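Chemist: Sharing a structure, written as C-alpha cells. Questions coming.
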Amino acid sequence: MGLWLLDTDTLARSRFVISPLAETFASLVDLEGAVAHHPAERKWLDTHLASYRAQLKRDPVAAAVVRAGCRRSWIADFLTPTPVAHTTPDIDEELHRIRTTHPETARADLAASLGGAPLPHHLCRDDLAERSAVLLEWVWTRTVLPYWERRRRTLEADVVSRTRQLTEGGWAATLDQLRPRTRWLGDGTLQINAHDHPPRDISGGQLLFVPVTPRNGWVAWEAPHRYAVVYPCSGVLTGEEYRPTPHALGALLGPQRARALTLVGTPMSTTQLVALTGLALGSVGRHLKVLLDAGLVRRRRAGRSVLYYRTAAGDQLIEAARHGRPGGPAGE
C-alpha cells in the first residue's frame, strides 16, 4: 500500500485548501471516462461530453497526453501540480505551472505513468506541457467556470465540515473519512492508497488536503516541500440534494423548512439553499432564522460565504423523523 510517514509537527501544520486546477482536472477525468455518479453529474456530463470529444479531435496530441498520463495507478506528475497553500489560487497561476514544465520532465512523467515503457513516437515532442495546459484551460472555461460559484461554495462548505469534524474527532477520524483507502494508521503513518509503492517520508514538508466536487481523488507532491491529498467532497454535488425529506418532519416544521434542515447536514450557504429549494432568498432567510432561533442550526463564515449547518439537536430531530412511522405526521 502507499504510505506517507510524517511527524506530529507536519500533521499539525497541515491544512485544507481549494484549487480551481484540481477541480478542473477532476472534471477532465470524468469527461474522459464519461462517468456520472448521480443525476446532477449526469446532466453536466450530457451537456459537455460531445464538445469535449470534439476538442480532443481538434488536438490529438493533447488527447494522447490525457490517455497516457491519466492512468488508474499513476498520473503524470506535471498534470497535477501541488497547490500553493494560501487563499484560493488563480487558475491562470496554476496553469502557468503546467505550461512552464520542462519538456524533458513532461516526457519523463508520461513515461512513468506508462510504467516506464518507451513513449509512443507522437509523444516525443517538446510542446506536451503547453498542449496539456490549453486542454485544461478549455475544460475550465467551458465545463467548470459556468458552475464555479456554486462549486466553490460547496468546496468551502466541505472545508468547514472537515474542520468541525477535526475539532470533534481528531485527525484519525477526519483522515479515515476523506476517501476510500486513505487511513491514519497511527505511529506517524498515513495510508494514501492501496498501490504497492515504497513509503515516502514527508516530515518537514507541507501537507495539504484539497476537496473536489467530482468523485475523484489522487495524491501529488513536489518533494520535499509540498504534498497534497485530493479527495471528493461531501455535499451538494455528491447527491445530498436527492435525499428525501422525512414526511413526519415536513408535517412538524412545514415542508420547506424541513427541506432546509435536511439539506444542511452538510454546511451550505443561503445561495446554495436557494438553488436547491427553488425558494426566494428572503424565504430561505426566514426559514433559517426560525431554525437558528430554535437551536436546530448554527452558522459560520467560510471565506466570503456564511454557511449554515445542523446542530446536534437538529441531527436528533432528523434521525427521529426518519425512524418514525412512515406515511403520516408523528403522533397520528
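Chemist: What whole-number distance in Å separates the alpha-carbon centres of the stretch 255-283 and the stretch 81-128?
Modeler: 41
Chemist: Evaluate E = 1/(1 + (r/R0)^6) for residue 105 and residue 145, where r is the Cβ-Cβ distance and R0 equals 22 Å; express this FRET efficiency to the nearest 0.05. Spell out each step's value before the answer.
Modeler: On the way: r = 28 Å, r/R0 = 1.27.
Result of the calculation: an efficiency of 0.20.
Chemist: Another one. Multiplying the sequence separation of residue 57 and residue 15 by 0.36 nm and subtracting their Cα-Cα distance, what value in nm do you get?
Modeler: Values: separation 42, 0.36 × 42 = 15.12 nm, distance 3.93 nm.
Separation in residues times 0.36 nm, less the Cα-Cα distance, equals 11.2 nm.
Chemist: Sort 100-108, 116-124, 60-68 for me by packing, meaning the mean count of neighbouring Cβ atoms within 10 Å per residue, highest on top. Provide the component values of the computation, followed by the final result.
Modeler: Details: 100-108: 15.7, 116-124: 11.3, 60-68: 17.8.
Top of the packing list down: 60-68, 100-108, 116-124.
Chemist: Most mobile of 297, 159, 230 per a Gaussian network model of the chain (Cα springs, under 10 Å)?
Modeler: Result: 297 has the largest fluctuation of those listed.
Chemist: Can you give me the distance in nm between label points at residue 46 and residue 173, each placed 7 Å from the Cα along the Cα-to-Cβ direction?
Modeler: That separation, rounded to one decimal, is 4.0 nm.
Chemist: Given a 1.4 Å probe and every protein chain left where it sits, what share in percent of the accessible area of the chain is carbon and sulfur?
Modeler: So the carbon and sulfur contribution to the accessible surface is 52 percent.
Chemist: If I take R0 = 25 Å and measure r between the Cβ atoms of residue 201 and residue 112 in this structure, what FRET efficiency does the formula 1/(1 + (r/R0)^6) give, to the nearest 0.05?
Modeler: Details: r = 20 Å, r/R0 = 0.80.
With a Förster radius of 25 Å, E is 0.80.
Chemist: Output needed: percent of Cα pairs per 20 Å distance bin for the chain, bins running from 0 to the one holding the longest distance.
Modeler: 29, 53, 17, 1
Chemist: Just the number please: accessible area per residue for the chain, 1.4 Å probe, all protein chains included, in Å². Could you put the intermediate results ahead of the total?
Modeler: Numbers: 15530 Å² over 332 residues.
Here the residues of the chain average 47 Å² of exposed surface.
Chemist: Also, quick follow-up: What's the local net charge at residue 70, with K and R +1, D and E -1, over the other residues with C-beta under 13 Å away? Write out the running numbers ahead of the final one.
Modeler: Working: positive: 67, 71, 72; negative: 30, 32, 77, 109.
After counting each charged neighbour, the total is -1.
Chemist: In addition: At residue 37 and residue 119, where each label point lies 7 Å from the Cα along Cα→Cβ, what is the point-to-point distance in nanometres?
Modeler: 3.3
Chemist: With runs of 4+ DSSP H residues as the only contributors, calculate the mean residue ellipticity of the chain at 222 nm using -39,500 (n - 2.57) per run, divided by the residue total and rounded to the nearest 500.
Modeler: Numbers: 13 runs with 159 residues, N = 332.
Per the formula, -15000 deg cm²/dmol.
The values are calculated or read from the model by the stated rules, or taken from the named source; none is laboratory data. Every value quoted in this text rests on a predicted model; they were computed, and no experiment measured them. Cβ coordinates were reconstructed from backbone atoms using ideal geometry, including for glycine residues, and neighbour counts include every protein chain displayed. Side chains are part of the model used for accessible areas, which takes the heavy atoms of the whole protein and leaves out ligands, DNA and RNA. Shrake-Rupley method; radii C 1.70, N 1.55, O 1.52, S 1.80 Å.
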